[in-house]
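**Q** Below you will find the structure I want to go over with you.
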Amino acid sequence: MQYQSQDRLGNMETPKSKSYLLDQTPPVTSLALVRGKQVIGPEAGSFYASPDTLIGLPALDPTVNGSLNGSAPGSGEAFTRYQDNGLPFEVFRSSFQLGEGRHVLNFQSQDKVENLEILRSTIALVDATPPLTSMQIGTPSYTNPVGMTYITPATVLALSGEDVVSADLRS
């Protein structure tokens, strides 16, 4: 950009120039799951996670005007924030874990010229309760007075498992 001024008598200053980078592209935040175990959940955008899963929110501010091939970097990330189950937003500082239950996570980042990313969300279903397995012993069988059970090759053993509902969910 070039600019200069002139007064009413026609006195004109020497032209000046200044270059600016137009950054109108917000950062892009992604969800990073580290450690623990995760599987796809029953709802779109949801996942099951073990309680030792670490949740990270890395953000990148693309080059100016959204061009990944451009020569100028974006202004840089100012902050990333997240919200858990409608509680107030918190500034993301490091990876975190969630307690057992259903968590609606909203997150977004803003760059240094205040381009705010659209609010992104996911549903984390954290299940820390193990399933229960029981065994039924058919006949022929015998349990002696000290609790030792004897069976034959013809004895039917039946196993049944149940994923106990805890915190209103099961995986």
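**Q** Along the principal axes of its C-alpha atoms, what lengths does segment 97-171 span, in descending order and rounded to whole Å?
**A** 78, 23, 19
**Q** At a 1.4 Å probe, what is the % contribution of carbon and sulfur to the accessible area of segment 28-143? Don't skip to the answer; put the middle values down first.
**A** Working: 3840 of 6850 Å².
It is 56 percent, rounded to a whole number.
**Q** Right, next: Just to be sure I follow: if Rg is taken over the C-alpha atoms of segment 80-135 and Rh is the Kirkwood radius over the same atoms, what is Rg/Rh?
**A** Rounded to two decimals, Rg over Rh is 1.18.
**Q** For the pair residue 22 and residue 155, how long in nm is the line joining their label points, each one 7 Å along Cα→Cβ?
**A** Between residue 22 and residue 155, the simple spin-label model gives 8.2 nm.
**Q** Taking only protein heavy atoms and a 1.4 Å probe, what accessible area per residue, in Å², does segment 1-114 have with all protein chains in place?
**A** Numbers: 7580 Å² over 114 residues.
Ligands and nucleic acids excluded, the figure is 66 Å² per residue.
**Q** Using the charge dipole of the chain (Lys, Arg: +1 at Cβ; Asp, Glu: -1 at Cβ; taken about the Cα centre), state which of 96, 28, 138 has its Cα farthest towards the positive end.
**A** 28
**Q** Run the dipole for the chain about the Cα centre, Lys and Arg Cβ at +1, Asp and Glu Cβ at -1, nothing else charged, and hand back the magnitude in debye, nearest 20. Walk me through the intermediate numbers first.
**A** Numbers: 11 positive and 17 negative charges, 52 e Å.
Roughly 240 debye for the chain.
**Q** Follow-up question, since we're still on this one. Using a Cα-Cα cut-off of under 17 Å, which aspartates and glutamates could be cross-linked to residue 37, ignoring same-chain neighbours fewer than 8 residues away?
**A** Correct list for residue 37: 52, 100, 127, 163.
**Q** If I ignore ligands, DNA and RNA and count only protein heavy atoms, how much of residue 18 is accessible to a 1.4 Å probe, in Å² to the nearest 10?
**A** Counting only protein heavy atoms, residue 18 exposes about 100 Å² to solvent.
**Q** While we're looking at this one, here's another question. What is the gain in length, in nm to one decimal, between residue 60 and residue 129 on full extension, counting 0.36 nm per residue of separation less the C-alpha to C-alpha distance?
**A** Values: separation 69, 0.36 × 69 = 24.84 nm, distance 3.59 nm.
Answer, rounded to one decimal: 21.3 nm.
**Q** Considering only the other residues whose Cβ falls under 10 Å of the Cβ of residue 82, what net charge follows from Lys and Arg at +1 and Asp and Glu at -1?
**A** Values: positive: 81, 120; negative: 84, 90.
Charge balance near residue 82 sits at 0.
**Q** If you average 1/r across every pair of different Cα atoms in the chain and take the reciprocal, what Kirkwood value do you get, in Å?
**A** Working: mean 1/r = 0.0467 Å⁻¹.
The answer is 21.4 Å.
The values are calculated or read from the model by the stated rules, or taken from the named source; none is laboratory data. Quick caveat, the model's predicted, so the values are computed rather than measured. Every residue, glycine as well, gets a Cβ built from its backbone with ideal geometry; the counts of neighbours run over all protein chains shown. Heads up: the accessible areas ignore ligands, DNA and RNA and are worked out on the full protein's heavy atoms, side chains in. Shrake-Rupley method; radii C 1.70, N 1.55, O 1.52, S 1.80 Å.
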